[in-house]
1. Between the range 118-141 and the range 46-75, what is the C-alpha centre distance in whole Å?
2. Tell me the net charge near I198. Cut-off is 13 Å between Cβ atoms, I198 excluded, with +1 for each Lys or Arg and -1 for each Asp or Glu.
3. Using the count of nearby Cβ atoms within 10 Å as a rough guide to exposure, how do I138, I193 rank from fewest to most?
4. Antiparallel DSSP bridges in the range 32-217: what percent, to the nearest 5?
5. Give the shape of the range 32-217 as rounded, prolate or oblate, defined through the alpha-carbon gyration tensor: a ≥ b ≥ c are the square roots of its eigenvalues, a/c under 1.5 means rounded, and otherwise the shape is prolate if a/b is larger than b/c and oblate if not.
6. Please give the length that would be gained between D31 and E134 if that part of the chain were fully extended, namely 0.36 nm times their separation in residues minus their C-alpha to C-alpha distance (nm, one decimal).
Amino acid sequence: MSRMPKKLSQRPRDVSRMPKIYGRICMRNRDKEHKIINCAWTSSETKVLGFIAGGGVGKSTLVLDWLSSFKPAEPVSIFTYSFYLQGQTERQVDTDTFLDEVSRHFEIEVDADAAPFAKGENVAKQIMKESMKEKVLIVLDGLEPLQEAATGRFRSEKSGEQGISEGSFTDNGARGFIETLANARDHFNGLCILTSRITVSDLAYLKRGGHYVEHPLPGLEDDDFLQE
């Protein structure tokens, strides 16, 4: 007799795509940030939550620390990915690799010939459909390789207006994916948590409705990191 395939939520929690933190690290004085994540997770409005801070402040560690104690009441499919980790070893971050991996995790098909924005948008929409079956948590760590690091030129696709925007997406695949989730409203049963060194300016217009919530992450003292 053939076995029924496991639901995505029944698979072991995989954080192998996140930065390696050797030993078990506990963080003190992050109760406020844990509450922010928990509030976003239970919110019907917030679809994307961002933590912004410079290098070495502990953004990745915060998310991993929260995940280690995350015990949801309902089945949840969890996907984690770090762009910063990829950027350490490659000159250019390959968003196609990310879209392929997230599609493989959620067992959805990708149109390889689609334009980057449309490809990211399509993958996000298929994940939104899957989230109606069981809730989804997506962690995107180290987004800064896909953002404009210094003030640069941009052109709005909708209005054609030119301007200056630091932190805007330089990668249309990632932009299509993240913006689609942030705009999903009731069509996405889940949360996307992202971390970056730069504010995500392309999502600023979604802050008013609470669909994108962004928090600066304050630094900690050395004593706040307890490694076993």
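1. The range 118-141 and the range 46-75 have Cα centres spaced 18 Å from each other.
2. Net local charge, I198 excluded: -3.
3. Ordered from fewest to most neighbouring Cβ atoms within 10 Å, I138, I193 come out as I193, I138.
4. 15 percent
5. Taking the square roots of the gyration eigenvalues as a ≥ b ≥ c, the range 32-217 is rounded.
6. 34.3 nm
Taken together, the values in this text are just the output of simple stated rules run on the coordinates, not laboratory data. These numbers were taken from a predicted model, which means no experiment stands behind them. Cβ: placed from backbone, ideal geometry, glycine included. Neighbour counts: every protein chain shown.
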